[in-house]
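J.: Below is a structure I'd like to ask you about.
We did not get these values from a lab; they are worked out from the coordinates using the rules stated. Remember, predicted model here, so these are calculated numbers, not experimental data. Counting neighbours? That spans all protein chains shown, and the Cβs are built from the backbone with ideal geometry, glycine included.
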Amino acid sequence: DSGVTQTPKHLITATGQRVTLRCSPRSGDLSVYWYQQSLDQGLQFLIQYYNGEERAKGNILERFSAQQFPDLHSELNLSSLELGDSALYFCASSVEAVGEQYFGPGTRLTVT
Amino acid sequence: SQKIEQNSEALNIQEGKTATLTCNYTNYSPAYLQWYRQDPGRGPVFLLLIRENEKEKRKERLKVTFDTTLKQSLFHITASQPADSATYLCAPPRGYNQGGKLIFGQGTELSVKP
């Protein structure tokens, strides 16, 4: 158990809908990262927050947004969902803005 | 553009042997490189981080090397066990040291047979 929690575990929704994925980092970790993993793309970095501020951005679509709250938990919002958004979404956390990352169990999103 | 390549084919070895996995990077020189293990349907688990000024790093049965001339990192598991079967991912930062923005390789699937 990494200490990172993610909810929900599974999510099934229809195209065009909007969903919110939630992540609680390990106690004491200030940095939160979001990744998308699909079979053909591998693990893709989406975005990083450090102590409430956006720190780095990857190939995150404009339909996706995220934020980190004062209690350091983070949410990833996915809107106007498409079939291709079906994937495993992982959250990870680290103590500082760099260094080893601890991953949560993931949220499996299925868009039908 | 920056590229990370790992053995695309699965590696099958016998229990007790040493597994060696390769990670090659091109078009840049990262300040460090991380290795992770991932089991099917689960989140990656951090194993080791090696910096550019470290030639080799060890942790129990694991050993990582970092050759900045060859632009390559090797990951070794000695005395391998069936429980070591998993996908292993190498992950340098995007750019020399772009914070936590990691590029993950596609991974090498290791299967250790009893």
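J.: Could you work out the longest stretch of chain A that avoids the trypsin sites (Lys or Arg not before Pro) located in DSSP loops with at most 11 other Cβ atoms within 10 Å? Working shown, then result.
T.: Details: sites that count: A:Lys9, A:Arg18.
Of all site-free stretches, the longest is A:19-112.
J.: Please give the net charge around B:Glu56, taking every other residue with its beta carbon less than 15 angstrom from that of B:Glu56, where Lys and Arg add +1 and Asp and Glu add -1. Show your work: numbers first, answer last.
T.: Numbers: positive: B:Arg51, B:Lys55, B:Lys57, B:Arg58, B:Lys59, B:Arg61, B:Lys63; negative: B:Glu52, B:Glu54, B:Glu60, B:Asp67.
Neighbour charge sum, excluding B:Glu56 itself: +3.
J.: Can you give the local net charge around B:Pro30? Use residues other than it whose beta-carbon is closer than 10 angstrom to its beta-carbon, Lys and Arg +1, Asp and Glu -1. The partial results should precede the final answer.
T.: Values: positive: B:Arg51, B:Lys71, B:Arg94; negative: B:Glu52.
After counting each charged neighbour, the total is +2.
J.: B:Arg42: net charge of surrounding residues, Cβ under 13 Å, Lys/Arg +1, Asp/Glu -1, itself excluded?
T.: Working: positive: A:Lys9, A:Arg108, B:Arg37; negative: A:Asp1, B:Asp39.
Combined, the nearby Lys, Arg, Asp and Glu give +1.
J.: Please compute, for peptide A:101-108, the average count of beta-carbon atoms on other protein chains lying within 10 Å of each residue's beta-carbon. Working shown, then result.
T.: Values: counts 9, 4, 7, 2, 3, 4, 0, 1.
Whole-number average of other-chain Cβ neighbours for A:101-108 is 4.
J.: Something else now. At a threshold of 8 angstrom on Cα-Cα distance, excluding pairs fewer than six apart, so keeping six or more, what relative contact order does chain B reach in percent?
T.: Values: 279 pairs, mean separation 41.4, N = 114.
Reported as a whole number, the value is 36 percent.
J.: Counting only C-alpha contacts under 8 Å and six or more residues apart, can you give the relative contact order of the stretch A:47-112 as a whole percent?
T.: 24
J.: Also, quick follow-up: Going by the alpha-carbon gyration tensor, a ≥ b ≥ c the square roots of its eigenvalues, is chain A rounded (a/c under 1.5) or, if a/c is not under 1.5, prolate (a/b greater than b/c) versus oblate? List each step's numbers first, then the result.
T.: Numbers: a/c = 1.74, a/b = 1.64, b/c = 1.06.
Taking the square roots of the gyration eigenvalues as a ≥ b ≥ c, chain A is prolate.
J.: How much length, in nm to one decimal, is gained on full extension between B:Lys3 and B:Asn53, taken as 0.36 nm per residue of separation minus their Cα-Cα distance?
T.: Working: separation 50, 0.36 × 50 = 18.00 nm, distance 2.11 nm.
Residue separation times 0.36 nm, minus the Cα-Cα distance, leaves 15.9 nm.
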